[in-house]
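The structure appears right after this line, and notes come after that.
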Amino acid sequence: MDNNTQDYTFMRSIRILLLALVSLFILFLLLPRVELLWISMHSEPRAVTPRGDLGSMEKTNIEIFQQASPSVVYITTLVNRLNYWTRDITRIPKGTGSGFIWDAYGHIITNYHVLKGASEIKVRLSDSRTINALFIGASPDHDLAVLRIPLGMQMPKPLSIGSSDDLKVGQITYAIGNPFGLDQTLTTGVVSALNRSLHNDNGSVIKGLIQTDAAINPGNSGGPLIDSAGRLVGINTAIYSPSGAYAGIGFAVPVDTVNRIVPKIIAHGNYQRPKLGITINEDFNKVITQQLGTLGVAVIDVQENSSASFAGLEGIRIINNTIVSSDLIIGIDHTPVKSIKTLLETLEKYTIGDTVTLKVIRDKKELAIPVVLQ
């Protein structure tokens with residue numbers, strides 16, 4: 001074989017090899033597209049795997065939400081702003097919160113801090129109807145407020161009322177509300193603790209709060225806390241969070257407090273604390289109890305035509321700068337009273353018109369005196 005033939009054969013082999021390499025490269029580039037084309041031509045919906053029945057807990061969650069959510073409302077507050085140049089008044093959004101239907105008369109319960117400072121209040125129902133609400137009254141010390149909307153027979157069904165007195169730590173809780181404006185939101189948790197106290201914006205202390213780890217965020221305030229029987233057991237009021245958002249600790253005003261205070265607000269526009277009709281003073285009380293050597297609340301004076309005066313309670317008498325006599329209240333019914341604070345907290349559990357038995361020390365003798373609270 002001559003040199004020309006060898007060169008030709010070599011070059012032919014090189015061309016075949018290059019052609020094969022180019023073909024492989026092109027095939028490598030086209031293969032994904034061919035594969036996608038093949039998949040698209042044969043792509044079909046996958047068969048659904050039967051789920052089976054829902055778990056009992058899931059069924060309970062669904063049932064409670066479907067039962068309670070129509071009674072939960074979305075509250076929007078507006079405030080008037082005056083343009084000092086044009087003297088025009090405009091309404092601008094102030095905030096949002098939650099609430100729920102209390103009765104068939106159109107009363108809605110929420111937190112007082114949701115409405116504080118508002119010039120106008122709008123309520124959006126679960127069926128998207130938006131209605132201007134009338135402010136009925138409030139008890140700022142309990143962070144409770146009452147609204148009313150004129151719907152008559154078109155009112156959603158009120159929530160079922162439960163009891164907070166027999167709640168146990170570990171019970172399941174459900175919170176329904178409008179966190180961050182996202183309406184009809186359900187979160188679940190448990191009762192984390194009971195009888196918590198929380199300082200209110202007005203300086204008072206809200207007692208007996210329910211602590212829960214059901215997620216509560218801004219916008220949930222005023223919404224219901226519900227038990228596993230679908231009953232109202234509290235009103236979601238506040239959260240503990242360094243960031244301002246959910247951190248696993250929320251607080252609710254117990255329904256027993258709500259059920260005691262709300263009827264008074266509806267009837268009178270505010271909540272009047274039950275009173276004995278006596279004058280008490282923290283500084284005087286310390287001096288008197290130290291002199292008597294007994295803890296309690298000293299009656300400084302008895303107000304005219306009060307429950308205390310009708311019951312015959314006696315205030316202090318001072319002779320030659322010495323306290324000669326004073327009734328010292330040491331108990332109400334079965335609750336010991338050791339300070340002015342415990343006296344006021346105990347009276348908070350009663351309503352006007354209730355009859356209580358005061359345990360009183362007078363002239364070193366213990367007396368039981370019935371008093372009708374005013």
request  = Pick out which of 221, 139, 309 has the largest mean-square fluctuation in a Gaussian network model of the chain, springs linking Cα atoms closer than 10 Å.
outcome  = 309
request  = Of the listed pairs 122/349; 168/364; 168/264; 168/338; 59/116, which have alpha-carbon separations greater than 30 Å here?
outcome  = 122/349; 168/364; 59/116
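Using a cut-off of 12 Å between beta-carbons, work out the net charge of the residues near residue 134 (Lys and Arg +1, Asp and Glu -1, residue 134 not included). Working shown, then result.
Details: positive: 122, 148; negative: 120.
It works out to a net charge of +1.
Could you compute the net charge surrounding residue 366? Neighbours are other residues with a C-beta less than 13 Å from the C-beta of residue 366; K and R count +1, D and E count -1.
Numbers: positive: 359, 362, 364, 365; negative: 327, 363.
Taking every Cβ under 13 Å from that of residue 366, the sum is +2.
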task = Report, in order of residue number, the helices in the chain meeting two criteria: a C-alpha extent of 20 Å or more along the helix axis, and a mean Kyte-Doolittle hydropathy of at least -1.0; treat each whole DSSP H run as one helix.
result = 3-42
key: Electrostatic dipole magnitude of the chain [Cβ: Lys, Arg +1; Asp, Glu -1; Cα centre; debye, to 20]   = 480
message = Can you give the local net charge around residue 337? Use residues other than it whose beta-carbon is closer than 11 angstrom to its beta-carbon, Lys and Arg +1, Asp and Glu -1.
response = +1
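Of the heavy-atom accessible surface of the chain (probe 1.4 angstrom), what whole percent is carbon and sulfur? Numbers along the way, then the final one.
On the way: 12230 of 21700 Å².
Whole-percent figure for carbon plus sulfur exposure: 56.
Does segment 130-285 come out rounded, prolate or oblate by the C-alpha gyration tensor, with a ≥ b ≥ c the root eigenvalues, rounded set by a/c under 1.5 and, if not, prolate when a/b is larger than b/c and oblate if not?
Working: a/c = 1.65, a/b = 1.18, b/c = 1.41.
The shape class here is oblate.
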query = Could you work out the helix-only [θ] at 222 nm for the chain, with each DSSP H run of four or more residues adding -39,500 (n - 2.57) and the total divided by the number of residues, to the nearest 500 deg cm²/dmol?
reply = -8000 deg cm²/dmol
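The values are calculated or read from the model by the stated rules, or taken from the named source; none is laboratory data. Every value quoted in this text rests on a predicted model; they were computed, and no experiment measured them. Positions of Cβ are generated from backbone atoms using ideal geometry, with glycine treated the same way; all protein chains shown enter the neighbour counts. In case anyone asks, the SASA skips ligands and DNA or RNA and just uses the protein heavy atoms, side chains included. Shrake-Rupley method; radii C 1.70, N 1.55, O 1.52, S 1.80 Å.
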